[in-house]
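Sharing a structure with you now.
The values are calculated or read from the model by the stated rules, or taken from the named source; none is laboratory data. Because the structure is a prediction, the values reported are computed rather than measured. Positions of Cβ are backbone-derived with ideal geometry, glycine not excepted, and every protein chain shown enters the neighbour counts. SASA here: full protein model, heavy atoms, side chains in, ligands and nucleic acids out. Shrake-Rupley method; radii C 1.70, N 1.55, O 1.52, S 1.80 Å.
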Amino acid sequence: MAATEFWSEGEPVVDKAAPDGPVETRWDRRKFSAKLVNPANRRKLTVIIVGTGLAGGSAAATLAEAGYHVKSYCYQDSPRRAHSIAAQGGINAAKNYRNDGDSVYRLFYDTVKGGDFRARESNVYRLAQVSVNIIDQCVAQGVPFAREYGGLLDNRSFGGTQVSRTFYARGQTGQQLLLGAYQALERQIGLGNVEMNARHEMLELIIVDGKARGIVVRDMVTGEISTEFADAVVLASGGYGNVFFLSTNAKGCNVTASWRAHRKGALFANPCYTQIHPTCIPESGSHQSKLTLMSESLRNDGRVWVPKAQKDTRKASDIPEDERDYYLERIYPSFGNLVPRDIASRAAKNVCDEGRGVGPGGLGVYLDFADAISRLGRKAVEAKYGNLFEMYERITGEDPYEQPMRIYPAVHYTMGGLWVDYDLQSTVPGLFVVGEANFSDHGANRLGASALMQGLADGYFVLPNTISNYLASGPFPKVTETDAPVVEARKQVEDRIEKFLSIDGDRTVDSFHRELGHIMWEYCGMERTEEGLTKAIGLIRALKEEFWTRVKVPGKGEELNQNLEKAGRVADFIELGELMCIDALHRRESCGGHFRGESQTPDGEALRHDDEFSYAAAWEYFGADGKPTLHKEDLNFEYVHPSTRSYK
Amino acid sequence: MDIKVRVWRQSGPSAGGKMVAYDVKGISPDASFLEMIDVLNETLILDGDDPIAFDHDCREGICGACSMVINGVAHGPEKATTTCQLHMRKFKDGDVIDVEPWRAAAFPVIKDLIVDRSAFDQIIQAGGYISAPTGTAPDAHATPVPKKDADLAFEAATCIGCGACVAACPNGSSMLFTAAKISHLGLMPQGQPERDSRVIDMLQAQDDAGFGGCTNAGECTMVCPKGIPLSLIGRLNSDYRKAITKR
Ligand SMILES: Cc1cc2nc3c(=O)[nH]c(=O)nc-3n(C[C@H](O)[C@H](O)[C@H](O)COP(=O)(O)OP(=O)(O)OC[C@H]3O[C@@H](n4cnc5c(N)ncnc54)[C@H](O)[C@@H]3O)c2cc1C
Ligand code: SF4
Ligand code: FES
């Protein structure tokens, strides 16, 4: 689609940091060509890192170990509570400990294909390469991965891959990996190499002479606004799934750090690529504040079904076998219940749209363990999934050993994020972005157990090498409180807070957030159409107007004020929501997590258009005409040739 | 269902606080305890009152942020359950529910139900880690770990750092939290080189941070949402004795 009333098109964006030549040696060559910083000079260089999840925590610890001075920020009361803590299933690595034919190349291949050919080959290859180092590093830190009786690490197959390359720690892999990074970080804090600022929220980026040189933060306890300076700034602030209000993200997850940087010139890539996870606990009512993921591993033994008849209100146990539709097994006989997430989610939506959903509002499908229990015995099922079953019972009050679980898709992960080059540097020099906050490695769809891998790859192994190339030309000229861009950034923050507090309207921040979530879910969720997206853009613009005239934020700025925090986040989500719809509108193809109703095969499968859309869409905040400007980064596939994903 | 909550309100660290009662009407039994507070806060805001401040984030029992003493019990009445995972169906229509912050010398109140738990981070800084700078690791299979040890280490490592153990302890002791970390790292072969200094330094740090001493009251493990067993404190004590005698 050419530029329209909603956007304009600018020059292509080019990744200048990526080496060419054989993919296997690109990372080695990049490391070799990167400038190094003399150890004696490192202490004179300061790096700000926003975020203490797997990406930010591991980066802060590693850069401090290398001798840099690090200033670290998170909005929680402790770096250990970053949302990486909630990851359940596992982390991929091409160790081939199972001798089942896995290799760096196979993980690379699976990830490019899984991303529906919308990721960069160079990045993905590097990710697969360093995956093996991650496991070594975590084991050295004492991460208690699951082990076999012989004492070696256990692996499982995850998300339908044909090899067993997923390392895990029961259903708490993210927690254990994050505690490893957190402990390494605390060690550096104790040694005085990292200055940790918990309960501090970044509200603005400071750019001086075209380079990222600092941030404006608010102390969330006292409300004090301060400006913090550094030679480089790293954003590790996580994903933006909370734009949908209901998601599996933590309540505080937000886009503010990224969005503030975007407004100051950092391009935002592929915002519409969102992952909707098929196995979450359905909503129970209007009080619902978040959705809980049930690990994907459940699909290894559970069978997904709905009644064949519409509006069948009988109890699950009263519906005879021949009146049930095990629709995944029926439509996708070779992968069955293990089809990838996007496919399982859309199939659930389709059967519910047909009026065959179960539970309140007909928004649910069954995940049934009856066969597994009779085949393996209750004990074996309990050993595998006991903690998940308990969690389900605690939330729903229903016993999944007696009646099938009810599940429904929910927003889970965002593949889009700030555009970065091969060095993980954004379009603002000196601003680096790692983890879920960047757009780098997953293309249009992320495979299970690959986000933990990417966060730790970025933080432990990639960024520490690439940022040195940038820092080698520092220390940069001193920045002070009185420099014009610093004064201006601080004023932007203060004015915005002032504005929130002065509107004194009649609607709460949460009511706006919920409404935004409804719009996004309805029109920019599992299926998107030109008509729906155009409508959504109008609705979001109207919502934005209303927000800035009717929101009510109680209290003061100079105190702990959770509604003021939320107001800032929701204001940014509203702007992001609009950009997501514009991005989804412009991409008139279906790929990965992005399904356009107009672009499907006769039997309803996603239809990609490689001729037109084989690029990453990087958006600039405002073009000259007030519309976001699209910059395309062409994607070339030299190794893994684009093919149609088929799971039938 | 209709209930009444009596909530600790305190405007700041140095302000006095008091219990304030609120009626909450028409709450679904399927709502979580925190969702009930959300609903109450929405009405408080529209009525021009200050909403109740409380810590929370993941709302799925893993981040350790949520922290309310409910009817006198840290994390409330349901066993092995964090505040965020507690649901209103555990209460009855007409119930009066008291909600207070963690109370302990080392966890000063910041506002309403929010306390400062940074003392836990200080304990970890003192030695709750294995020194393994990035890039120095041997192959992950270089050192097999007996499954029994790995499983036990994992159990200990599931501590979410919520601080309920401290809030429940009559002495405000952090012994269960510290013992969980000592046990996790002490059970792994990688944790052996620093095993002695770790226990000495972490115990010193918990004293310095103002936590009380352990008198084996056992209240901690009763409220621990992750079921960290009291036996780990025994393990810590034995590690400590060994470390001290070697000195
Ligand atoms: C329920 C769930 C289960 C998952 N399971 C898996 C799995 O099994 N395998 C897998 O590979 N992936 C999984 N994922 C995805 C994966 O956990 C995340 O993508 C990954 O952990 C993100 O890490 P991160 O470091 O980028 O961000 P996060 O861990 O989200 O950290 C963000 C950090 O940024 C800080 N921050 C944010 N904004 C600001 C601001 N404005 N100012 C200051 N600080 C800020 C936060 O305080 C936090 O410290 C799961 C995700 C969820 C939600
Ligand atoms: S030991 Fe239990 S109660 Fe104490 S901090 Fe850890 S999880 Fe919380
Ligand atoms: S909010 Fe995370 S454990 Fe309760």
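How do B:230-242, A:203-215 rank on mean C-beta neighbours within 10 Å, highest first?
Packing order, densest peptide first, comes out as A:203-215, B:230-242.
Now for a different question. So how much slack lies between B:A21 and B:R247, counting 0.36 nm per residue of separation and subtracting their Cα-Cα distance, in nm?
Between B:A21 and B:R247, full extension yields 75.8 nm more.
I've got another one for you. Accessible area per residue, 1.4 Å probe, Å², for the protein assembly as shown: what's the number?
35
If the cut-off is a Cα-Cα distance under 12 Å, which aspartates and glutamates reach A:K44, setting aside same-chain residues fewer than 8 apart in sequence?
By straight Cα distance, A:K44 reaches A:D231.
Which net charge results when you count Lys and Arg as +1 and Asp and Glu as -1 among the other residues whose beta-carbon is under 13 Å from that of A:S33?
For residues surrounding A:S33, the net value is +3.
Report, in degrees rounded to the nearest 10, the 0 to 90 angle that the Cα long axis of helix A:378-396 makes with the longest principal axis of chain A.
Once rounded, one gets 70 degrees.
On a 0 to 90 degree scale, rounded to 10, what angle separates helix B:175-187 from the longest Cα axis of chain B?
Compared with the principal axis, the helix lies near 40 degrees.
Another question, then. Considering amide H positions built from the backbone, and no H for Pro or chain starts, which residues 5 or more places from B:V115, or on another chain, come under 5 Å of its amide H?
Here the answer is B:I110, since their amide H atoms fall under 5 Å of that of B:V115.
Additional query: Restricting attention to chain B, give the cysteines that have no other cysteine Cβ less than 4.7 angstrom from their Cβ.
That list is B:C159, B:C162, B:C169, B:C214, B:C224.
Just to be sure I understand: if you take the accessible area of chain A alone plus chain B alone and subtract the pair, with a 1.4 Å probe, what total do you get in Å², rounded to 100?
In total, chains A and B hide about 6100 Å² from solvent.
Across peptide A:179-189, how many C-beta atoms of other chains are within 10 Å of each residue C-beta, on average?
Across the residues of A:179-189, the mean count of other-chain Cβ atoms within 10 Å is 6.
Order A:H586, B:H56 by their accessible area, 1.4 angstrom probe, all chains in place, largest first.
Heavy-atom accessible area, descending, gives B:H56, A:H586.
Net charge near B:F107: determine it from the other residues with C-beta under 10 Å of the C-beta of B:F107, scoring Lys and Arg +1 and Asp and Glu -1.
+1
Could I ask something else about it? Once Rh for the protein assembly as shown is found with the Kirkwood sum over Cα pairs, what is the Stokes-Einstein diffusion coefficient at 20 °C and 1.002 mPa s, in µm²/s?
My calculation gives 77 µm²/s for D.
Describe numerically, in nm with one decimal, the distance between label points set 7 Å from Cα along Cα→Cβ at A:E321 and at A:E522.
Between A:E321 and A:E522, the label points sit 4.3 nm apart.
Modelled label-to-label distance, A:S164 and A:Y105, 7 Å Cα→beta-carbon offset: nm?
Between A:S164 and A:Y105, the simple spin-label model gives 2.4 nm.
Could you list which residues have their amide H under 5 Å from that of A:I207, counting only those 5 or more apart in sequence or on another chain, with H placed in the peptide plane?
A:R213
How high is the FRET efficiency from A:E224 to A:E9, r the C-beta distance, R0 51 Å, rounded to 0.05?
The computed FRET efficiency comes out at 0.75.
Which residues of the range B:182-231 end up with at least 20 Å² less accessible area in the presence of all protein chains than when their chain stands alone, using a 1.4 Å probe?
Going by heavy-atom accessible area, the residues of the range B:182-231 that drop by at least 20 Å² are B:H184, B:M188, B:Q190.
Residue by residue, what Karplus-based ³J(HN,Hα) values in Hz, rounded to whole numbers, does the range B:112-128 have, using 6.51, -1.76 and 1.60 with θ = phi - 60° and x for Gly and Pro?
Couplings: 6, 9, 9, 10, 9, 9, 5, 4, 5, 4, 5, 5, 5, 3, 6, x, x Hz.
If the limit is 18 Å between Cα atoms, which of B:K147/B:K246; B:K4/B:K92; A:K16/A:K71 go over it?
Checking Cα-Cα distances, B:K147/B:K246; A:K16/A:K71 exceed 18 Å.
Can you tell me the length gained on complete extension of the stretch A:R541 to A:D611, counting 0.36 nm per residue apart and subtracting the Cα distance?
Once the chain is fully extended between A:R541 and A:D611, it gains 22.0 nm.
Only counting protein heavy atoms at a 1.4 Å probe, give the residues of the range A:250-287, ordered by number, whose accessible area falls by 50 Å² or more when the other protein chains are present relative to the chain alone.
Those are A:K251, A:H287, which lose 50 Å² or more relative to the chain on its own.
How large is the accessible surface of B:I110 in square angstrom, using a 1.4 angstrom probe and rounding to the nearest 10?
Solvent-accessible area, nearest 10 Å²: 20 Å².
Stretch A:E24-A:T480 to full length: gain in nm at 0.36 nm per residue minus the Cα-Cα span?
159.7 nm
Compute the long axis of helix A:341-353 from its Cα atoms, compare it with the longest principal axis of the Cα atoms of chain A, and write down the angle in degrees, 0 to 90, nearest 10.
In chain A, helix A:341-353 runs at an angle near 60 degrees to the longest axis.
Of all beta bridges DSSP finds with both residues in the protein assembly as shown, what is the antiparallel percent, to the nearest 5?
Roughly 70 percent of the DSSP beta bridges within the protein assembly as shown come out antiparallel.
Ignoring ligands, DNA and RNA, please state the percent of accessible area on the protein assembly as shown from carbon and sulfur, probe 1.4 Å.
Using a 1.4 Å probe with all protein chains present, the protein assembly as shown comes out at 50 percent carbon and sulfur.
Let me ask something additional. Quickly work out the B:D139-to-B:E194 label distance, labels modelled 7 Å from Cα along the C-beta direction, and quote it in nm with one decimal.
2.6
Can you work out the Karplus-derived ³J(HN,Hα) for every residue in the range B:230-242? Use 6.51 cos²θ - 1.76 cosθ + 1.60 with θ = phi - 60°, whole Hz, and x for glycine or proline.
Going residue by residue, I get 4, 4, 5, 5, x, 4, 4, 4, 5, 4, 5, 4, 4 Hz, with x marking Gly and Pro.
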